[in-house]
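Take a look at the structure set out below.
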Amino acid sequence: MIKVSGLSKIYGEHIAVDDISFEVKEGHIYGFLGPNGAGKSTTMNIITGYVSPTTGTVEVNGYVMGKDTLKAKKSIGYLPEIPPLYPDMTVKEYLTFVAKIKGVAKADREEEIERVMVATDIKDMAKRLIKHLSKGYKQRVGIAQAILGNPKVVILDEPTVGLDPEQIIEVRTLIKSLKGDHTVILSSHILSEISATCDDVLVIANGRMVACDTTENLLKNHKSVKNIRLNVKGDQDKIEEVLKSIEVLDEVKFIENKGEGCVFEVSCEASVDAREDISFALSDARLLILELTEETSSLEDIYLELVKEADEAYAAEMKAIAEGADLDEVFDDNESEDEEKEESTDEKESDADSKED
């Protein structure tokens, strides 16, 4: 549905978007994540045809932006961070105006406006001046203009910014309802927004793409950590000794004494279920588990880790440039480190498989 290849945008000496490539599948809702200034809005403005790239191409619904620009733009509905509304128009007048701009046939115009007002639940506001609407309803009108004309792709830039909790829930529900009929890209720096709404995640940092995957795969495959909190009845030193003897645990930390028990926090790889090992080891030592809770790394944890890694890599590269180092050697070193990490992971997985056998 959308194919971005080698996309870059340079303003003077500032690289806003740096050679990013990704593909967006039809009918999915994608979350476009990144810290402020990461290049999200610039990328979205390029995809929608508002800004021309310095290098690279964008293909939307089979049309290349810059060659078949008008056809590509007709495939896109766009809601910028600040909705492009005319406050002195009524909702109906505004949507009629947008329908004319989008080239909706006169015979179909009334039916299409009715459709988007019903879809966004603003029909009761049709005769209300836009300036008298709440921010939540203004966002709904903004989404209505984006889906007017039934575009294949809907791009929403920070659609819930400034809304109260109830309005946020309403807009999230509305966005979810677009799935299937439309391909949606939702830009945000709010992690809960992406977790609650999107199937897939694109993460950008320092203008570079650092992840493109489903939320499920990111949570499942990323090298994240699972934390387990235990309240165990018994002697603190003995409990700690037993926990440290469990091979699958990477870290054991005493937290506090609580009632008749000792509270510990232990950690292991997210893919490992350590509960059975912990239970058997403590049981063999005749130590009673009073409470056990576990928490796997969230999308927020993974996002922060990805951004941190990207920031560190970017800082190292900038330092190398400032010192006049050979960047080819820097990149070769980084690739070697990545390969070593992968080999180490493969060895661990192989050892784990051998133990299971």
Pick the calculated semi-axes √(5λ) of the Cα gyration tensor in Å for this structure from (i) 32, 26, 19; (ii) 50, 25, 23; (iii) 47, 28, 17? (iii)
Amide N proximity, segment 25-44 versus N150 label position 7 Å along Cα-to-Cβ, cut-off under 19 Å: 26-28
Can you give the charge dipole size of segment 123-203 about its Cα centre, rounded to the nearest 20 debye, using +1 on the beta carbon of Lys and Arg and -1 on the beta carbon of Asp and Glu? 480 debye
With r as the distance between the Cβ atoms of A285 and I190 and R0 = 51 Å, compute the FRET efficiency 1/(1 + (r/R0)^6) and round to 0.05. 0.70
For K127, go through the lysines and keep the ones whose alpha-carbon is under 26 Å away, minus same-chain ones fewer than eight residues off. K92, K100, K102, K106, K135, K138
Additional length obtainable on full extension of the chain from M89 to I101, 0.36 nm per residue less Cα span: 2.8 nm
Pull out the extension gain between S245 and I10, defined as 0.36 nm times the separation in residues minus the alpha carbon to alpha carbon distance; nm, one decimal. 79.2 nm
Going fewest to most other Cβ atoms within 10 Å around each Cβ, C198, C212, C268 line up as C212, C268, C198
Residue pairs, from the table K74/K176; K226/K253; K176/K226; K40/K74; K25/K123, whose Cα atoms sit over 20 Å apart: K74/K176; K176/K226; K40/K74; K25/K123
Can you tell me how much longer the chain between T173 and E323 gets when fully stretched, taken as 0.36 nm per residue apart minus their C-alpha distance, in nm with one decimal? 48.9 nm
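Values quoted throughout were computed directly from the atomic coordinates according to the rules given, and no laboratory measurement underlies them. Predicted model, so just to flag it, every value in this text is computed and none were measured. Please note: Cβ atoms are built from the backbone with ideal geometry, for glycine as well, and neighbour counts cover all protein chains shown.
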